[in-house]
Amino acid sequence: MKAHKLFLGTVALVALAAGTYFVHKKVTDREVIIEEIASLDTGCGQGVAGAVGGALADGGAFVLGGCNFPEAGPADGGKKHFYGSVWLLDNLKGDWRERQNFELPLAYGAAAATTAGTVIMGGCNEKGSVSKVTVYKSEEDFGANAEDLPPLPGPLDNFAAAAIDDWVFVAGGNAAGKASKSAWVLRLDRIEDGWQPLPDFPGTPRLQPAAVCVKTNRGNAFVLIGGYSVDPESKEAILPRDAVAYYVDELSWETLPALGDNVSEAGLVGAAATVNPRGQIVVLGGVNAKIFKNAVEGKYGSDYLRHEPQWYRFNGDILLLSLGKVEPWSCIDNIPQTARAGATLIKLEDRDSSYLYVNGESMPGVRSTDVLKINFKKGY
């Protein structure tokens, strides 16, 4: 099934020899430049969601695992397929190269970039979740020098991870099938210590959150953004449209103000996050808060999966989260091409603060094949 593409009239289309660019300019002179590069198609007209990925030393990238519905969508009883392939894009040129049966088929794990390489953690398939942790070196012969790290404290999926100074943090997700409020850290300079527990984060458990590590005037912080859970008794879907920050030097969590409806309708579930060159947190993609909540609570009936992509109103807002401000959230742009859930965001090894935004759902059950190169350097 061909992934749907959404376009906005304010987007200027500029054809260049290197590709097609969408340039978004605002009165503030901020600018986001997006280049469409080689699509990633698993062979059925769809990409993947819930994959992990990282940068390669030649300026390219890899994407590992993920899932889709190759034969029929979930509305028609289609079966979800999990992939053990790795797709490689050398120097961002040519087409993605697939190596099948590279790993155990998994989706909904997490990745964190460190000086040792990209650390890949956890994930699940139709048989359950895993605790495996591997670091993949960003070298030309991908996987040749991979090393196993201490496994997670238990099987984990649909969680988030981030790293700073080679401290790898994980939090949230399904821990052995139960929504979790736990958080852990692994120090690569003290591997023998294994994963050390942090205090549980405040509030409710968080499934499918996003996470970053950022330097602040209070020291390094691990920030867990959004996510959701379902109350086991009332069956109410709980979407905390806020973030919680763990300040490493203070050994404590802080709950940040929530994203207001006046800023964005983003649900912060299945979103992606990164830190821009100015040290601010950028959040993009994910679901619409109200529509997702109603869907989880079963309020749309059997026709929920049969609407057009626009009906689901996946998030196309580019959000900025600035720690330390009374009103920390702002919407700095709206770019419909980023309106996907479960996309893979990869920081490239270049000097231009560039990222790859790979695949993800364009609507529930439908994976886009699109791959975008995003540059936040100008004005961000």
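Derivation of every value follows stated rules applied to the coordinates shown; laboratory data play no part. Bear in mind that the values here come from a model prediction, so they are computed numbers and not experimental data. Reconstructed Cβ throughout: ideal geometry from the backbone, glycine too, with neighbour counts over all protein chains shown.
Most mobile of GLU308, GLU36, GLU297 per a Gaussian network model of the chain (Cα springs, under 10 Å)?
Top of the fluctuation ranking is GLU308.
List the residues of the range 238-257 whose backbone N lies under 19 Å from a point placed 7 Å from the Cα of GLU327 along the Cα-to-Cβ direction.
Inside the label zone: 241-243, 256-257.
Just in the range 63-171: which trypsin sites (Lys or Arg not before Pro) are loop by DSSP and have at most 11 other Cβ atoms within 10 Å? Don't skip to the end; give the middle numbers.
Values: sites: LYS79, LYS80, LYS93, ARG97, ARG99, LYS127, LYS132, LYS137; in loops: LYS79, LYS80, LYS93, LYS127, LYS132, LYS137.
Here the sparse-neighbourhood loop sites are LYS79, LYS127.
Kindly state, to the nearest 0.05, the FRET efficiency for VAL230 paired with GLU126, given R0 = 22 Å and r defined as their beta-carbon distance.
On the way: r = 21 Å, r/R0 = 0.95.
For VAL230 and GLU126, the calculated efficiency is 0.60.
What is the order of TRP167, TRP311, TRP96, fewest Cβ neighbours within 10 Å to most? Intermediate values should be presented prior to the final figure.
Details: TRP167 20, TRP311 13, TRP96 23.
Listed from fewest to most nearby Cβ atoms, that is TRP311, TRP167, TRP96.
Of GLY59, GLY50, GLY270, which has the largest mean-square fluctuation in a 10 Å C-alpha GNM of the chain?
GLY59
Please tell me the relative contact order of the range 260-380 in percent, rounded to the nearest whole number, where contacts are Cα pairs under 8 Å and at least six residues apart.
On the way: 250 pairs, mean separation 28.8, N = 121.
It comes to 24 percent, rounded to a whole number.
Find how much the distance from ASN220 to THR115 grows on full extension, using 0.36 nm per residue of separation minus their present alpha carbon separation; answer in nm with one decimal. List each step's numbers first, then the result.
Details: separation 105, 0.36 × 105 = 37.80 nm, distance 1.66 nm.
Here the segment from ASN220 to THR115 would lengthen by 36.1 nm.
Quick check: pseudo-label points 7 Å beyond the Cα along Cα→Cβ at GLU308 and LYS290, how many nm apart are they?
2.0
If you plug each phi of the range 86-94 into the Karplus form 6.51 cos²θ - 1.76 cosθ + 1.60 with θ = phi - 60°, what whole-Hz ³J(HN,Hα) values come out, in order, with x for Gly and Pro?
10, 10, 10, 10, 6, 6, 6, 10, x
Take every DSSP beta bridge with both residues inside the range 175-311 and express the antiparallel ones as a percent of the total, to the nearest 5. Display every interim value, and only then the final one.
On the way: 28 of 29 bridges.
The antiparallel fraction comes to roughly 95 percent.
Which shape class, rounded, prolate or oblate, goes with the range 112-213 when its Cα gyration tensor gives a ≥ b ≥ c as root eigenvalues, a/c under 1.5 marks rounded, and past that a/b bigger than b/c marks prolate?
Working: a/c = 1.89, a/b = 1.42, b/c = 1.33.
Since a/c reaches 1.5 and a/b is larger than b/c, the shape of the range 112-213 is classed as prolate.
Using the Karplus curve 6.51 cos²θ - 1.76 cosθ + 1.60 with θ = phi - 60°, what ³J(HN,Hα) values do you get for each residue of the range 258-268, in whole Hz, with x for Gly and Pro?
7, 5, x, 4, 6, 9, 6, 8, 4, x, 6
Suppose each label sits 7 Å from its Cα in the direction of the beta carbon; what would the ASN276-GLU71 distance come out to in nanometres?
4.6
Under the definition of Cα pairs under 8 Å and six or more residues apart, what whole-number percent is the relative contact order of the chain? Provide the component values of the computation, followed by the final result.
Values: 1067 pairs, mean separation 62.8, N = 380.
That works out to 17 percent.
Quote the convex hull volume per residue of the range 266-380, based on C-alpha atoms, as a whole number of Å³. Could you put the intermediate results ahead of the total?
Working: hull volume 11.5 nm³, N = 115.
Looking at the range 266-380, the number lands at 100 Å³ per residue.
When the chain is treated as a GNM, springs tying every alpha-carbon pair under 10 Å, which of ARG241, ARG340, ARG187 comes out with the largest mean-square fluctuation?
Fluctuation is largest for ARG187.
What are the ³J(HN,Hα) couplings of the range 330-342, residue after residue, when phi is run through the Karplus curve with 6.51, -1.76, 1.60 and θ = phi - 60°? Round to Hz, x for glycine and proline.
Going residue by residue, I get 8, 9, 9, 4, 10, 10, x, 5, 8, 7, 9, 10, x Hz, with x marking Gly and Pro.
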